[in-house]
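Chemist: For reference, the structure I am asking about is given below.
The values are calculated or read from the model by the stated rules, or taken from the named source; none is laboratory data. Values in this document were obtained by computation on a predicted structure and should not be read as measured data. Positions of Cβ are backbone-derived with ideal geometry, glycine not excepted, and every protein chain shown enters the neighbour counts. In case anyone asks, the SASA skips ligands and DNA or RNA and just uses the protein heavy atoms, side chains included. Shrake-Rupley method; radii C 1.70, N 1.55, O 1.52, S 1.80 Å.
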Amino acid sequence: MIEKIRFDNFTAFDSLDINTTKGINIFIGENGTGKTHILKAIYSACHITKSKKSLAHKINDVFYPAGKQIGRLVKRTKGSTGGWFEVKRRLSTGQEATIKLSLTNHNTTPEQTKITGSTKLWMEEPFDSVFIPVKDMMANAPGFRSMFALRNLHFEEVYLDIIDHAFLPSIRGPIDSDRANLLEILQKAMEGKVIEKNEEFFLKNKQGELEFTLLAEGHRKLGLLWL
């Protein structure tokens, strides 16, 4: 479980300490105050436990600053300055693990930054994490992963990650009751189920198979949550 995240001169923040609670945590604030940046930082730290990617590289790919110059993530100010963010989690063993990324506004590549904390312990217990972007990508899924692998596309990596998640096959075995109830609620709300053919997603309902390009934005979001 993520227990704490701290920022100092990072993106939108001068200084910010957040203590999370068990269950659902909700961030509320006006536009431009950094809510999405908080989620992207947490997601990046979580994602590397499975991908084994460097935190600096994941942050750079998820935030995608101009020219992929990671130093641009330091809060803008005149002159030379530095910034950092740190995430703390509690493992199933009860141990606390932290990971911290420090950088300066002169850093141009992830290799120039510094990663500290109990990094080895942080990586020992992988867990799944999902970031659902504001923009819908399900309607644009066909061919996107292949193009992303071959070309320099100006997309934050969260769009590739969410498509990868959407294409995962179903988990083996019976569905637990909580998950089954959630799926039923979503199916009623969007009046159908989601199917995939040749990397294209469809909502299958009484009308037939409706491609995601023809669906309302709300139904696309529900379909992604269902997947």
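Chemist: Per residue, how large is the accessible surface of the chain? Use a 1.4 angstrom probe and give square angstrom.
Modeler: The answer is 59 Å² per residue.
Chemist: Could you work out the local net charge near Met190, counting Lys and Arg as +1, Asp and Glu as -1, over the other residues with Cβ closer than 11 Å to its Cβ?
Modeler: Neighbourhood net charge equals +4.
Chemist: Moving on. By how many nm would the segment from Ser15 to Asn31 lengthen if fully extended, with 0.36 nm per residue of separation less the alpha-carbon distance?
Modeler: Details: separation 16, 0.36 × 16 = 5.76 nm, distance 1.80 nm.
Gain on stretching Ser15 to Asn31: 4.0 nm.
Chemist: Please sort 189-195, 69-75 by packing, taking for each peptide the average over its residues of neighbouring beta carbons within 10 angstrom, highest first. Kindly include the intermediate steps, with their values, before the conclusion.
Modeler: Values: 189-195: 17.0, 69-75: 19.6.
For the peptides 189-195, 69-75, the packing ranking is 69-75, 189-195.
Chemist: Provide the net charge surrounding Asn152, with neighbours chosen by a C-beta distance below 12 Å and charges set as Lys +1, Arg +1, Asp -1, Glu -1.
Modeler: Cβ neighbours under 12 Å give a net charge of +1.
Chemist: Kindly rank 46-58, 135-147 from highest to lowest mean number of other beta carbons found within 10 Å of each residue.
Modeler: On the way: 46-58: 18.2, 135-147: 15.0.
Answer by packing, highest mean first, reads 46-58, 135-147.
Chemist: Expressed in nm to one decimal, what extension gain is obtained for the pair Lys197 and Lys120 from 0.36 nm per residue of sequence separation less their Cα-Cα distance? Please list the in-between numbers first.
Modeler: On the way: separation 77, 0.36 × 77 = 27.72 nm, distance 4.04 nm.
Here the answer is 23.7 nm.
Chemist: Related question: First compute the accessible area of the chain with a 1.4 Å probe, then give the percent of it belonging to carbon and sulfur atoms.
Modeler: 52
Chemist: Residues with beta-carbon under 12 Å from that of Trp84, excluding Trp84: net charge, scoring Lys, Arg +1 and Asp, Glu -1?
Modeler: +2
Chemist: Given the C-alpha centroids of the range 197-227 and the range 36-104, what is the distance between them in whole angstrom?
Modeler: 33
Chemist: Over the range 1-124, what is the relative contact order in whole percent, taking alpha-carbon pairs under 8 Å and six or more residues apart?
Modeler: Taking the mean separation of contacting Cα pairs over the length of the range 1-124, I get 27 percent.
Chemist: Classify the range 25-158 as rounded, prolate or oblate from the Cα gyration tensor: take a ≥ b ≥ c as the square roots of its eigenvalues, call it rounded if a/c is under 1.5, otherwise prolate when a/b beats b/c and oblate if not.
Modeler: Since a/c stays below 1.5, the shape of the range 25-158 is classed as rounded.
Chemist: Hey, what number do you get for the chain at 222 nm if only DSSP H runs of n ≥ 4 count, each worth -39500 (n - 2.57), divided across all residues, to the nearest 500?
Modeler: The per-residue figure over the chain is -9500 deg cm²/dmol.
Chemist: Please work out the FRET efficiency for the pair Asp128 and Lys78, using the Cβ-Cβ distance as r and a Förster radius of 35 Å; give the result to the nearest 0.05.
Modeler: 0.25
Chemist: Taking 22 Å as R0, compute the FRET efficiency from the Cβ-Cβ separation of Arg90 and Ile171 and round it to 0.05.
Modeler: Given R0 = 22 Å and the Cβ-Cβ separation, E is 0.30.
Chemist: Against the globular-protein guess of 2.2 N^0.38 Å, express the Cα radius of gyration of the chain as a ratio, rounded to two decimals. If you can, show how the numbers build up before the last one.
Modeler: Numbers: Rg = 19.3 Å, N = 227, 2.2 N^0.38 = 17.3 Å.
The value comes to 1.12.
Chemist: May I pose another question? Can you pick out the pairs among Lys68/Lys100; Lys135/Lys206; Lys68/Lys135; Lys88/Lys197; Lys52/Lys188; Lys58/Lys188 whose Cα atoms lie more than 31 Å from each other?
Modeler: In this structure, Lys88/Lys197; Lys52/Lys188; Lys58/Lys188 lie more than 31 Å apart at Cα.
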